[in-house]
1. Under the rule of at least 5 residues apart or a separate chain, name every residue whose amide H is placed under 5 Å from the amide H of residue 4.
2. Per residue of segment 11-22, what does 6.51 cos²θ - 1.76 cosθ + 1.60 with θ = phi - 60° give for ³J(HN,Hα)? Whole Hz please, x for Gly and Pro, Karplus curve as stated.
3. Which whole-angstrom value gives the distance between the alpha carbon centres of segment 5-24 and segment 40-58?
4. Could you work out how much longer the chain between residue 33 and residue 9 gets when fully extended? Use 0.36 nm per residue separation minus the Cα distance between them, nm to one decimal.
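Just so it is clear, none of the values below were taken in a lab; they were calculated from the coordinates. This one's a predicted model, so the numbers in the text were calculated from it and none came from an experiment.
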Amino acid sequence: MPKCPKCQKEVYFAERVTSLGKDWHRPCLKCEKCGKTLTSGGHAEHEGKPYCNHPCYAAMFGPKGSGKPFLHLLLPFTLQANVSWT
Ligand SMILES: [Zn+2]
Ligand SMILES: [Zn+2]
């Protein structure tokens with residue numbers, strides 16, 4: 001049985017949500033900063049912890065003052081590392 005990375009307790013199938021390559025309890029997959037409930041693949045991460053794309057991740061790690069939507073944050077987590085800006 002996989003263990004939830006948030007609370008370290010076993011995750012049963014009925015309450016499981018998979019994101020960041022790990023299995024979470026549905027209520028445990030929430031933004032580390034504001035506590036908003038997140039959906040699988042619909043959020044950002046930093047150092048293995050989940051954050052909502054907006055406003056938390058954008059405010060903490062996104063480019064400042066561009067005024068543009070952070071489109072790259074909408075990509076699935078697994079694709080972000082492969083994005084080339086050159
Ligand atoms: Zn949990
Ligand atoms: Zn948040």
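1. HN-HN under 5 Å from residue 4: 9, 10, 11.
2. 10, 8, 3, 5, 10, 8, 9, 9, 7, 6, x, 10
3. Going from one Cα centre to the other spans 16 Å.
4. Numbers: separation 24, 0.36 × 24 = 8.64 nm, distance 2.14 nm.
Length gained, residue 33 through residue 9: 6.5 nm.
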